[in-house]
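The values are calculated or read from the model by the stated rules, or taken from the named source; none is laboratory data. Source: prediction; values computed, not measured. So basically every Cβ, Gly included, is an ideal-geometry build from the backbone, and we count neighbours across all protein chains shown.
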Amino acid sequence: MTTEVRVPTLGESVTEATVATWFKKPGDAVAVDEMLCELETDKVTVEVPSPAAGTLGDIIAAEGETVGVDALLATIAEAGAGAAAPAPASSAPAAAPKSDAPASVDVMVPTLGESVTEATVSTWFKAVGDAVAQDEMLCELETDKVSVEVPAPAAGVLAEITAPEGATVDASAKLGVISGAGAVAAPAVAAPAAAAPAASGKDVANAPSAEKAMAQAGLNSDAVTGTGRDGRIMKEDVMKAMAAPAPAAAAPAAPRAPVPADDAAREERVKMTRLRQTIAKRLKDSQNTAAMLTTYNEVDMGEVMALRSQYKDQFEKKHGVRLGFMSFFTKACCHALKEVPEVNAEIDGTDIVYKNFVHMGVAAGTPTGLVVPVIRDADAMSFAEIEKAIAEKGRRARDGKLSMAEMQGGTFTLSNGGVYGSLMSSPILNPPQSGILGMHKIQDRPMAINGQVVIRPMMYLALSYDHRIVDGKGAVTFLVRVKEALEDPRRLLMDL
């Protein structure tokens with residue numbers, strides 16, 4: 001008998017969610033009400049329990065997919081008939097598969113995601129000879145975008161590590177070997193499975209991504225409340241703990257001071273993560289490929305600031321999101337791109353591909369590096385829709401939950417260095433795009449207006465563009481149109 005696992009009710013007015021994490025994989029035994037996966041909506045995180053005991057069959061909705069209410073997530077093959085129900089809770093049925101289990105099981109690279117063909121082994125959490133439980137985290141892989149945790153496919157002893165830390169592996173590579181699966185190690189594995197708080201549970205309680213985040217933030221696990229299965233600390237729990245008042249978290253940052261370059265004894269050599277390597281490669285490729293040029297202007301932000309101040313409370317009350325500056329810049333750029341479409345185009349061989357839509361990339365800094373989530377069809381969105389999309393993408397970027405699809409297909413990019421205090425910079429193109437607008441710090445400066453010196457809140461704007469496709473006239477026109485729209489936001493309403 002097969003039972004379907006479907007998306008539960010998500011809440012009033014919430015019609016879709018994203019599959020964030022699967023805690024089980026096809027073939028795993030599951031108990032009734034055991035957590036199978038976690039969904040994320042624009043408001044909350046929803047855990048999906050197992051509706052029946054048995055074996056997880058096909059996973060229909062993979063991590064990163066967007067699903068609607070009542071959509072099919074997976075199937076469960078129920079174990080037998082009457083005696084099936086107590087099986088997962090008891091330790092006795094565990095003996096059944098042991099007689100059929102192979103003497104050794106290969107640990108393989110899991111599915112890495114669309115278009116991702118290789119990864120780097122960043123950390124092994126177990127050493128050769130260590131006993132492991134099924135689904136216990138063995139190692140962590142890094143791709144050019146995300147980190148992937150590799151669970152043990154069976155219980156036993158880690159007999160061999162075929163891909164050590166730092167090794168680059170392809171999508172079908174073998175990482176290690178687990179021996180004695182289901183045989184001698186059975187008593188040692190059964191106890192932690194039945195009693196998670198046992199001593200060995202300390203090693204498997206927390207998600208490796210959470211351990212890494214706690215180490216970076218200087219947090220002790222005692223200061224973090226775990227919300228995962230059996231009290232397991234997840235990365236989201238660490239983020240919540242960091243958001244809470246915790247002055248101690250800043251202490252570990254003190255030793256990370258720059259060291260003298262001429263003193264080799266004090267140097268520390270750290271291998272670049274795959275994400276950092278990808279960032280470096282793409283940025284350098286951009287400089288090597290495009291004929292990049294930057295033009296500058298400045299904008300008086302007084303009108304936007306006044307409009308925002310006047311309506312921000314009403315806006316937040318009605319739409320449930322704060323009114324920021326990014327929606328104004330997004331709207332202004334979409335408006336200007338209609339007049340200067342080559343800034344929204346790209347070169348493909350000897351062709352120019354003009355886009356009759358705007359997929360706006362919004363550069364975001366994260367603890368692991370720069371990512372550029374894409375707001376699709378931003379030109380068709382309202383201010384509120386833009387603000388909600390930017391807030392949601394920014395949160396997913398900080399939590400490391402952006403999928404590959406969410407960072408692909410952008411046609412133009414916004415980069416706000418002003419949030420870090422940058423007064424002026426020359427942003428680098430995000431290929432194959434032909435334009436990127438750099439926003440900067442708003443600073444009061446004396447300006448000559450109608451023969452009078454007036455203090456105004458000014459911002460420098462920088463448009464970097466590919467001169468192979470965008471002429472100087474088009475670049476300057478684009479920047480002037482953005483300036484005009486921001487200095488008189490009413491122009492956006494009247495399409496002027």
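Tell me yes or no: at least one residue of segment 36-45 is of a type in the set (Asp, Glu), buried (at least 18 other Cβ atoms within 10 Å of the Cβ) and either assigned to a strand (DSSP E or B) or modelled with pLDDT of 80 or more (or both).
The answer is yes; a qualifying residue exists.
Report yes if some residue within segment 298-318 is part of a strand (DSSP E or B), modelled with pLDDT of 90 or more and touching a Lys or Arg at 6+ places or on another chain (Cβ under 6 Å); otherwise report no.
Yes, the conditions are met somewhere in segment 298-318.
Among the candidates LEU486, LEU479, LEU402, which residue alone is in contact with a strand residue (DSSP E or B) (Cβ under 7 Å, 6 or more places away or on another chain) and closer than 30 Å to GLU142 by Cα?
One residue alone meets the criteria, LEU402.
Could you please let me know if ILE436 is of a type in the set (Val, Ile, Thr) and over 22 Å from the mean Cα position of the chain (by Cα)?
Judged against the criteria, ILE436 is not a match.
Is it the case that LEU158 is within 23 Å of ARG276 (Cα to Cα), modelled with pLDDT of 50 or more, outside the structural domain of LEU56 (by TED's automatic domain parsing) and in a strand (DSSP E or B)?
Here the answer is no, as LEU158 does not meet what is asked.
Return the residues of segment 407-416 that are surrounded by fewer than 19 Cβ atoms within 10 Å (Cβ to Cβ) and modelled with pLDDT of 85 or more; say none if nothing qualifies.
Selection gives GLY409 alone.
Filter segment 135-153 down to the residues that are farther than 22 Å from GLY27 by Cα and outside any strand (DSSP E or B), then identify the one that is modelled with the highest pLDDT.
Out of the qualifying residues, it is THR143.
For residues that are part of a helix (DSSP H, G or I) and charged (D, E, K, R), scanning just segment 351-389, find the one that is surrounded by the fewest Cβ atoms within 10 Å (Cβ to Cβ).
This residue is GLU385.
Take the conditions part of a strand (DSSP E or B), within 27 Å of the chain's Cα centre (by Cα) and either over 28 Å from LEU402 (Cα atoms) or modelled with pLDDT of 65 or more (or both) and apply them to VAL177. Does it pass?
no
Counting just the residues of segment 116-134 that are in a strand (DSSP E or B) and touching a Cys at 6+ places or on another chain (Cβ under 9 Å), which one comes out modelled with the lowest pLDDT?
Across segment 116-134, the extreme among qualifying residues is SER122.
Answer yes or no as to whether SER434 is surrounded by fewer than 17 Cβ atoms within 10 Å (Cβ to Cβ) and modelled with pLDDT under 95.
When the stated conditions are applied, SER434 does not pass them.
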